[in-house]
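Structure record follows, encoded as structure tokens.
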Amino acid sequence: MIRKLHAILGEIAARRQLSEDLCARYDIDDATVCAPPPAAECPCLAAYNAGDMAQAKTLLENAIALDPGFASARISLSQALLLGGKPEEAREQLMSALKLINRLTARDKLMAEAMLANLDSPRVGLQKWKALATSFPDFFPAQGSYGYFSWIYDNNYPEAIEATCLNVRE
């Protein structure tokens, strides 16, 4: 169940990050033009969703090799690395992404900071996830992560349920 949740969170985050990066990079405001591509058109997402972290990692590393400044790909790679049990490699990718501040949206910056903080201190990570979820209430990965970490690290079931329920309401 948790693996499935992580896969869903990763897919949504990766699609939104890619869409926002492309729109920002090419100065496009039209939301319909910047709609994320279907998973079938994005091999790294397809691999990620299939649970093939090795393939997702390879594809994301290829994207970064083509564009070392592709900050959101570094964040997505860090997610795959975390799920693959490689927290130190994930930390390196998150730190590299945060150095590319001009290539990150404000939301992506906060997400990378929350992920990084989570590796060092669950308490600080929980605070950062809450700040991200509060700042971007429509950002599913923030709500889901905040709910999950409220439950796991803080044993705060009411807060976890409230945050998680925001993802299922219309």
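Miscellaneous remarks
- Within the stretch 77-88, the set of residues being closer than 15 Å to E61 by Cα and buried (at least 16 other Cβ atoms within 10 Å of the Cβ) comprises L77, S78, Q79, A80, L81, L82, K86.
- Residues that are more than 18 Å from A117 (Cβ to Cβ), in a helix (DSSP H, G or I) and either open to solvent by 10 Å² or more (accessible area, probe 1.4 Å) or basic (K, R) (or both), drawn from the stretch 63-75: A63, I64, A65, L66
- Criterion: assigned to a helix (DSSP H, G or I), in contact with an Asp or Glu (Cβ under 6 Å, 6 or more places away or on another chain), more than 19 Å from D138 (Cα to Cα) and at pLDDT 55 or above - qualifying residue of L60, L22, L81: L81
- Annotation note: Cβ proximity below 9 Å between a residue of the stretch 82-97 that is acidic (D, E) and a residue that is surrounded by fewer than 21 Cβ atoms within 10 Å (Cβ to Cβ) and in a helix (DSSP H, G or I) (sequence gap 6+ or interchain) occurs for E88/L119.
- Within the set K130, K109, K99, the sole residue that is open to solvent by 50 Å² or more (accessible area, probe 1.4 Å), under 21 Å from E61 (Cα atoms) and over 14 Å from the mean Cα position of the chain (by Cα) turns out to be K99.
- Set side by side, the residues A40, A54, A35, A46 differ, and just one is of a type in the set (A, V, I, L, M), more than 19 Å from F136 (Cα to Cα), at pLDDT below 85 and surrounded by fewer than 15 Cβ atoms within 10 Å (Cβ to Cβ), which is A40.
- A112 modelled with pLDDT of 95 or more, more than 18 Å from I64 (Cβ to Cβ) and out of contact with any His (no Cβ under 9 Å at 6 or more places or on another chain): no
- Reported count of residues in the stretch 103-148, each being assigned to a helix (DSSP H, G or I), touching a residue at least 60 places away in the same chain (Cβ under 8 Å) and under 17 Å from R74 (Cα atoms), is 5.
- Selection status of S96, within 26 Å of F70 (Cα to Cα), touching a helix residue (DSSP H, G or I) at 6+ places or on another chain (Cβ under 6 Å) and assigned to a helix (DSSP H, G or I): yes
The values are calculated or read from the model by the stated rules, or taken from the named source; none is laboratory data. Since we're looking at a predicted model, the values are computed, not measured. Please note: Cβ atoms are built from the backbone with ideal geometry, for glycine as well, and neighbour counts cover all protein chains shown. For the accessible areas, the whole protein counts, side chains as well, though only heavy atoms, and no ligand, DNA or RNA atoms are used. Shrake-Rupley method; radii C 1.70, N 1.55, O 1.52, S 1.80 Å.
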